[in-house]
Amino acid sequence: MNAGKNKTYLRALAGEAVTPPPVWLMRQAGRYLPEYRELRSGVKNFLDFCYTPDLAVEVTLQPLRRYGFDAAILFSDILVIPDALGQKVAFREGEGPVLTPIRSADDLKGLGMDRLHDHLAPVYETVSRLASSIPETTALIGFAGAPWTVATYMVEGRGSKDHAAARTWAFDGDGFADLITLLTDATAEYLIRQADHGAEALQLFDTWAGVLSPSQFGRWVIEPTAEIVARIKAAHPDIPVVGFPRGAGVMYETFVRETGVDGVSIDNSVPPSWAARVLQPMCTVQGNLDNMSVIAGGPAMEAEVRGILAALSGGPFIFNLGHGILPETPPENVARLVDIVRGA
Ligand code: 1CP
C-alpha cells in the first residue's frame with residue numbers, strides 16, 4: 001500500500017497512532033460554506049446537484065482548499081440509493097427529503113436493482129475524477145447510508161424523530177427483512193463500485209442506529225453491516241471500512257466486535273476515555289467533538305478538543321465531530337479547530 005504511506009488518515013485506519021492525528025469533519029462540504037451556497041443556489045434540485053460530476057467534484061474540494069483536511073469525502077447523499085432503486089425521492093427547500101413511503105411487501109414490488117449502476121454512474125464518475133485531483137496526502141472516502149438508516153427514510157417518507165412506522169414494521173411486518181436485504185445488496189454493490197473507481201476507504205452512516213432496542217440493533221444494524229463489510233472485503237481485501245452507528249451507546253463494543261469494521265466513528269455522548277480503553281484496542285476510533293461546540297467556538301471548543309486529543313491520541317485515532325457539521329457554523333471556528341488539532 002505505497003499510496004497510503006503519505007496519507008495520515010489511511011495510516012491511522014491501518015492501526016497506527018499518528019501524531020498529530022488526521023482530521024476531517026463529517027459533512028465538511030455544505031451550507032456553512034459561502035462558496036457551497038453560491039454553487040448550490042444555481043441548481044434547484046439537490047439530487048441533480050449530486051448527479052452532476054462537475055459540481056460534486058468542486059464542492060468536495062472546497063473544504064480541502066480552506067482547511068487542508070486529511071481526507072476528502074465524496075459529495076453525494078445517502079438517499080441516492082432509494083432513488084436508484086426506483087423510489088420517488090425529492091428534496092424540498094426548508095423541509096428536507098420527501099419520499100413516497102414504502103410500508104408493505106406490496107410496495108417493495110416497485111423497487112429493484114436492475115438500473116442501480118446506470119443510475120449511479122455520475123457518482124462513480126465523480127469518484128474517479130476526485131481520485132485523480134485531490135492532493136496526494138489527502139485520502140478519498142466513499143460512503144453510503146447503512147441499510148437501517150436508509151430504510152427509515154424509505155418507510156417514513158421523510159426525516160422523522162421517532163421512526164415509528166419503520167420500527168413497528170421492523171418488529172411485526174411481512175417484508176421488512178426483504179427491504180433490508182435489498183438495501184444490503186445495493187449498498188454493498190454501490191460501495192464496491194466506489195472502491196473500483198478510486199475510493200480509498202468507505203464509511204457507512206447509520207445515523208438512526210441509536211433508536212433500536214438491543215435485539216433489533218443486532219438484526220438491523222450489526223447483521224447488515226457485517227454482511228456489507230464481508231462483501232467489500234471479498235472484492236477489495238485492503239480497503240478499510242468505517243462504521244458510524246450513531247447513538248449506539250454500550251452497543252458500540254458489540255458493533256465493533258461483530259461487524260469486522262476497521263474503524264468506528266463515535267458520537268459525542270461517548271466518553272473518549274471509555275472509547276480509548278474499550279474500542280481502540282479493537283479498531284481505529286474516529287470522533288467525537290460536539291458539533292454545537294464548533295458553533296460556539298472560543299475557549300469552550302478548545303477545551304473540548306484538547307480533552308478528546310488527550311484521551312485518544314495514544315492509539316489509532318482520527319479527529320472528527322460526533323455528527324455532521326451544522327449550517328450555522330462559523331467557518332473561522334473550523335479553521336481554529338484544525339489548528340488546535342495540528343498543535344497550534
Ligand atoms: O440544500 C442542500 O444543500 C442540502 C443539504 C445536504 C447536504 C450538503 C443534504 C440533504 N445532503 C448533503 C450532503 C451529504 N449528506 C453528505 C456529503 C458529504 C460531506 O461533506 O460529508 C453526506 C455524507 C450526507 C449523508 C447523509 N444524508 C446522512 C448521514 C449523515 C448524517 O449527517 O446524519 C443523512 C441522514 C442524510 C439525509 C439528509 N440529506 C440531506 C438532509 C437535509 C438530510 C437529513 C434529513 C433529516 O432531517 O432527517
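We did not get these values from a lab; they are worked out from the coordinates using the rules stated. Keep in mind the model is a prediction, meaning the values are calculated, not measured. Using ideal geometry, Cβ is built from the backbone for each residue, glycine included, and neighbour counts are taken over all protein chains shown.
The table below gives the values:
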{"item": "Leading residue by the ranking (farthest from residue 102 (Cα to Cα)) among those in the range 137-146 that are more than 8 Å from the ligand (Cβ to nearest atom) and either hydroxyl-bearing (Ser, Thr, Tyr) or touching a helix residue (DSSP H, G or I) at 6+ places or on another chain (Cβ under 7 Å) (or both)", "result": "137"}
{"item": "The range 243-272: number of residues that are part of a helix (DSSP H, G or I) and surrounded by fewer than 22 Cβ atoms within 10 Å (Cβ to Cβ)", "result": "5"}
{"item": "Extreme residue, surrounded by the most Cβ atoms within 10 Å (Cβ to Cβ), among residues of the range 273-311 that are in contact with a Gly (Cβ under 8 Å, 6 or more places away or on another chain) and among the hydrophobic types (A, V, I, L, M, F, W, C)", "result": "285"}
{"item": "Residues that are near the ligand (Cβ under 8 Å from one of its atoms) and in contact (Cβ under 8 Å) with a residue 12 or more places away in the chain, drawn from the range 49-58", "result": "50"}
{"item": "Residues located in the range 312-335, provided they are under 16 Å from the mean Cα position of the chain (by Cα) and either of a type in the set (Ser, Thr, Tyr) or surrounded by 19 or more Cβ atoms within 10 Å (Cβ to Cβ) (or both)", "result": "318, 319, 320, 321, 322, 323, 325"}
{"item": "Test: residue 144 is touching a Pro at 6+ places or on another chain (Cβ under 9 Å) and either crowded, with 24+ Cβ neighbours inside 10 Å or at positive phi (or both)", "result": "no"}
{"item": "Members of the range 1-53 that are closer than 30 Å to residue 310 by Cβ and among the charged types (D, E, K, R)", "result": "5, 7, 11, 16, 27"}
{"item": "Filter result (under 10 Å from residue 144 (Cα atoms) and either crowded, with 20+ Cβ neighbours inside 10 Å or β-branched (Val, Ile, Thr) (or both)) within the range 75-96", "result": "76, 78, 79, 80, 81"}
{"item": "Candidate set: the range 77-99, residues that are of a type in the set (Asp, Glu) and within 20 Å of the chain's Cα centre (by Cα); chosen: the one farthest from the ligand (Cβ to nearest atom)", "result": "83"}
{"item": "Selection count, the range 166-181, where residues are buried (at least 17 other Cβ atoms within 10 Å of the Cβ) and either in contact with a Gly (Cβ under 8 Å, 6 or more places away or on another chain) or acidic (Asp, Glu) (or both)", "result": "1"}
{"item": "Meets criteria (within 16 Å of the ligand (Cβ to nearest atom), in contact (Cβ under 8 Å) with a residue 40 or more places away in the chain, closer than 20 Å to residue 230 by Cα and touching an Asp or Glu at 6+ places or on another chain (Cβ under 6 Å)) for residue 149", "result": "yes"}
{"item": "Residue in the range 225-238 that is of a type in the set (A, V, I, L, M, F, W, C), without any contact (Cβ under 8 Å) to a residue 12 or more places away in the chain, surrounded by fewer than 16 Cβ atoms within 10 Å (Cβ to Cβ) and under 27 Å from residue 140 (Cβ atoms) present", "result": "yes"}
{"item": "Every residue from the range 2-48 that is surrounded by fewer than 22 Cβ atoms within 10 Å (Cβ to Cβ), away from the ligand (no atom under 16 Å from the Cβ), in contact (Cβ under 8 Å) with a residue 60 or more places away in the chain and not in a helix (DSSP H, G or I)", "result": "6, 14, 15, 16, 17, 18, 19, 20"}
{"item": "Selected residue [of a type in the set (A, V, I, L, M) and closer than 19 Å to residue 323 by Cα] from 144, 230, 164", "result": "144"}
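Let's see how each residue does on (1) within 16 Å of the ligand (Cβ to nearest atom); (2) within 17 Å of the chain's Cα centre (by Cα):
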residue: 192; (1), (2): no, yes
residue: 199; (1), (2): yes, yes
residue: 206; (1), (2): yes, yes
residue: 212; (1), (2): yes, no
residue: 215; (1), (2): no, no
residue: 222; (1), (2): no, yes
residue: 227; (1), (2): no, no
residue: 232; (1), (2): no, yes
